[in-house]
Amino acid sequence: MLRRFLIALSHSSAAQRFVTGFPLARRVARRFVAGETQAEALAAIRQLNQAGMLATIDYLGEHVTETEAASANVREYESVLAAIAAAGLQSGVSLKLSAMGLHIDPEFCFANVRQIVTAAQRAQRFVRIDIEESSLVDVTLDIYRRLRIEFDNVGVVLQSYLFRTEADVQALIEAGIADLRLVKGAYDEPESIAWQDRETIRQQLIGLSQMLLAPEARARGARLAVGSHDDLVYNAVAAHAAAQGIDPAAWEIQFLYGIRRDEQARLAAAGHRMRIYVPYGRAWYPYFMRRLAERPANLIFFLRALAGK
């Protein structure tokens with residue numbers, strides 16, 4: 001119930017004005033957001049690289065409804081791609097289609113994303129298309145499939161709590177384009193299309209990961225990134241990969257910036273390929289609220305900080 005309430009608040013403009021109006025709230029959000037500027041994000045990535053971790057950088061913003069705002073997002077991505085390449089940082093980029101104008105026009109969105117993927121190709125960098133609410137899955141996968149006709153430096157994200165995801169994974173494996181980050185899912189989806197039980201979702205994520213690590217999937221070019229902070233998930237996947245004799249460098253564990261930092265460092269030191277999702281920008285409120293919704297401990301941390309404790 002609390003999770004659903006916080007996700008609802010992430011869409012509330014009134015709540016956004018209230019929360020972002022507190023300077024202290026902005027400071028607390030820095031636990032999960034690298035900063036509001038590109039320079040702050042690049043500095044965070046440099047520190048992660050020095051600690052033996054890779055990164056993917058996300059310029060925050062979603063559900064854009066004006067063409068100029070979407071075009072401004074494209075320009076920012078072109079700028080940050082050039083910056084990480086010039087600095088020699090080990091990072092790709094992640095983006096949301098709703099920030100690229102998906103709600104304005106899917107073809108406009110496709111052209112914008114293609115422009116970013118082209119810039120990433122020049123910079124020898126990778127683009128990950130984030131998944132959003134279930135109503136956008138079909139159009140997201142359509143755009144991804146179209147991009148993969150031209151480019152191999154682009155992947156997508158799928159959510160294991162959706163009933164449809166196993167079929168989507170299998171279809172992408174068969175098409176030879178299954179470069180996937182698998183996550184549990186962070187949106188409020190109805191029980192008619194998504195599992196609600198945490199243990200069921202956990203087992204789905206483990207099973208889907210094993211699908212991507214299967215010999216026949218890997219022979220078709222499948223690549224796995226496990227986006228989860230749940231040690232029961234990534235430890236199970238790691239044990240399976242080890243039993244199959246799969247090189248730890250052949251797949252990734254991905255954490256969000258600021259979450260379980262000690263565990264990030266431990267996994268990297270143990271030889272796992274670790275990638276950290278590094279968000280930045282002024283539009284941090286919806287992202288921040290979803291992080292609070294994911295774990296009660298995050299909400300408690302936030303409320304204590306607001307209370308000055």
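Out of the residues in the stretch 136-149 meeting the condition of being of a type outside the set (K, R), closer than 17 Å to G221 by Cα and touching a residue at least 12 places away in the same chain (Cβ under 8 Å), tell me which one is surrounded by the most Cβ atoms within 10 Å (Cβ to Cβ). Ranking the candidates gives L147 first. Is it the case that the stretch 279-287 has a residue that's crowded, with 19+ Cβ neighbours inside 10 Å, over 22 Å from A44 (Cβ atoms) and modelled with pLDDT under 90? Looking through the stretch 279-287, none of the residues is crowded, with 19+ Cβ neighbours inside 10 Å, over 22 Å from A44 (Cβ atoms) and modelled with pLDDT under 90.
Of the residues that sit in the stretch 187-209 and are of a type in the set (G, A, S) and surrounded by 19 or more Cβ atoms within 10 Å (Cβ to Cβ), which one is farthest from L232 (Cα to Cα)?
A194
Within the stretch 102-141, the set of residues being under 20 Å from I276 (Cβ atoms) and touching a Gly at 6+ places or on another chain (Cβ under 6 Å) comprises R125, F126, R128.
Looking only at residues in the stretch 219-240 that are touching a residue at least 12 places away in the same chain (Cβ under 8 Å) and out of contact with any strand residue (DSSP E or B) (no Cβ under 9 Å at 6 or more places or on another chain), which one is surrounded by the most Cβ atoms within 10 Å (Cβ to Cβ)? Selected residue: A236.
When you go through E107, E68 one by one, which is the residue that is free of Cβ contacts under 8 Å to residues at least 12 places away in the same chain, of a type in the set (D, E), in a helix (DSSP H, G or I) and within 22 Å of D152 (Cα to Cα)? Of E107, E68, the one residue that is free of Cβ contacts under 8 Å to residues at least 12 places away in the same chain, of a type in the set (D, E), in a helix (DSSP H, G or I) and within 22 Å of D152 (Cα to Cα) is E107. Out of the stretch 175-188, which residues are part of a loop (DSSP other than H, G, I, E, B) and either small (G, A, S) or modelled with pLDDT under 95 (or both)? G176, A178, G185, A186, Y187, D188 - these are the residues of the stretch 175-188 that are part of a loop (DSSP other than H, G, I, E, B) and either small (G, A, S) or modelled with pLDDT under 95 (or both). Please work out if A171 is farther than 18 Å from H240 by Cα and either touching a strand residue (DSSP E or B) at 6+ places or on another chain (Cβ under 6 Å) or free of Cβ contacts under 8 Å to residues at least 24 places away in the same chain (or both). Against the criterion (farther than 18 Å from H240 by Cα and either touching a strand residue (DSSP E or B) at 6+ places or on another chain (Cβ under 6 Å) or free of Cβ contacts under 8 Å to residues at least 24 places away in the same chain (or both)), A171 qualifies. Across the stretch 107-134, the number of residues qualifying as farther than 17 Å from G61 by Cα and not hydrophobic (A, V, I, L, M, F, W, C) comes to 9.
The values are calculated or read from the model by the stated rules, or taken from the named source; none is laboratory data. On a predicted model such as this, the values are computed, not experimentally measured, just so you know. In this analysis, Cβ positions are derived from the backbone assuming ideal geometry, glycine residues included, and neighbour counts consider all displayed protein chains.
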